[in-house]
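Structure first, then comments.
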Amino acid sequence: MANLKIKFCNTTFDNPFILPSGIMTSLPDHKKAIEAGAGGITLKSLTLEKRMGNPMPRVWSYDCGMLNSVGLINPGIEKGAEEVKQILKENPEFPIIVSLFATKEKEFVTLVDKIVPLQPKFIELNLSCPNVEMELGKPLAMDKGATGEIVKEVKKISGKVPVLAKLSPNVQNIGEIAKSCEAAGVDGITAINTVGPGMLIDINKKKPILGAKTGGVSGPGIFPVTVKCVYEIYEAVKIPIIGVGGVTKWQDVVQIIMAGATLVGVGTATYLKGMTIYEQLKQELREYMDKNNYKELKQIVGLAHNS
Ligand code: RRO
């Protein structure tokens, strides 16, 4: 039977499906993804200070996916680092990606400095949250210079912990941003964060549905944007890619891997279909591979670039 194990940087994942950082905010929910058979999980982004999140409602599903404006709810790096320590202790071998968010180089360095001693398998720099622009400015991932500088500074102190950069789809040339991260020494790219932001109106209340009015768009409707971004990044860099954004069915999984992803984020689909989606996708991916005589996943990575 086909083998779903796959190496990403220096870590072997049991399967390519990971929970991306996003709308799940509590550790018990993250742990459910481990129990449900995900190959890895990404924790909710931590900031220097505690954040209470945006006004309710923060999450809304619609026909083609979801809108979210969680607003970076998190306990802040002091308490957050304690929680990270606990979950790493409980799951010493399981690939856990610690996500960090800041708006300045110096803040990122402080955050990374707190997390590196805990030796997680990965640190992900969230350079692309679309929901705090009014408060904190444009996402850093829209500027290749700023992105490169941050990665360079973080890599000076990250030691052996691989660093990933999570990029925004809301740019002219995502390949160029990925290239700038690679040149600065980043170990992998996570693509993409949510699209937009977008807005939906409550026609009875005659006002925007989300408490923050606008929110990042995720789910099946953004899948073609994800595929295009992963494809362009794969052409631009040699480092591995986590493809995330709207993956819902096994056909999406095959597409995103053929576009160039090594790991595949499944986030919004766990909301829409439940956590059993991890086992379902694993089984269906194995069936696809068996039918097509692929023994290893790496045989499929980037195949769409060969023709
Ligand atoms: O918390 C959020 O509102 C949020 C974050 Br940090 C992010 O990176 N992407 C997103 O869609 N929402």
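The values are calculated or read from the model by the stated rules, or taken from the named source; none is laboratory data. Note that this is a predicted model, so its numbers are computed, not measured. Reconstructed Cβ throughout: ideal geometry from the backbone, glycine too, with neighbour counts over all protein chains shown. Keep in mind that these areas ignore ligands, DNA and RNA; they rest on the heavy atoms of the full protein, side chains included. Shrake-Rupley method; radii C 1.70, N 1.55, O 1.52, S 1.80 Å.
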- Item | the stretch 25-39: number of residues that are modelled with pLDDT under 95, open to solvent by 20 Å² or more (accessible area, probe 1.4 Å) and not charged (D, E, K, R) | 4
- Only residues that are under 29 Å from G215 (Cα atoms) and free of Cβ contacts under 8 Å to residues at least 40 places away in the same chain: list them for the stretch 85-105, please. T103, K104
- Message: Show me the strands (runs of 3 or more DSSP E) found entirely inside the stretch 7-61 where at least 1 residues are acidic (D, E), within 14 Å of the ligand (Cβ to nearest atom) and touching a Phe, Trp or Tyr at 6+ places or on another chain (Cβ under 9 Å).
- Response: none
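When the stretch 255-269 is examined, which residues are found to be open to solvent by 10 Å² or more (accessible area, probe 1.4 Å) and β-branched (V, I, T)?
T262, T268
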- Query: If we scan the stretch 284-296, do we find a residue that is in a helix (DSSP H, G or I) and open to solvent by 80 Å² or more (accessible area, probe 1.4 Å)?
  - Reply: yes
- Note on the structure: Note on the stretch 84-113: residues in a helix (DSSP H, G or I) and open to solvent by 70 Å² or more (accessible area, probe 1.4 Å) are K85, Q86, K89, E90, E105, K106, D113
- Of the listed residues (T42, T47, T12), the one being surrounded by fewer than 16 Cβ atoms within 10 Å (Cβ to Cβ) and not acidic (D, E) is T12
- Task: Kindly establish whether G76 is open to solvent by less than 70 Å² (accessible area, probe 1.4 Å), within 16 Å of the ligand (Cβ to nearest atom) and in contact with a Gly (Cβ under 8 Å, 6 or more places away or on another chain).
- Result: no
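Being more than 16 Å from G243 (Cβ to Cβ) and in contact (Cβ under 8 Å) with a residue 24 or more places away in the chain is the filter here; which residues of the stretch 289-305 pass it?
The answer is M289, D290, Y294, K295, E296.
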- Query: Scanning for something in contact (Cβ under 8 Å) with a residue 40 or more places away in the chain, under 24 Å from Q283 (Cα atoms) and of a type in the set (S, T, N, Q), does the stretch 223-246 turn up at least one residue?
  - Reply: yes
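Output the residue which, of all residues in the stretch 204-221 that are at negative phi and without any contact (Cβ under 8 Å) to a residue 40 or more places away in the chain, is least open to solvent (accessible area, probe 1.4 Å).
P208
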- Note on the structure: Filtering strands (runs of 3 or more DSSP E) wholly in the stretch 114-203 for at least 1 residues that are open to solvent by 10 Å² or more (accessible area, probe 1.4 Å), more than 20 Å from V237 (Cβ to Cβ) and of a type in the set (A, V, I, L, M) gives 195-198
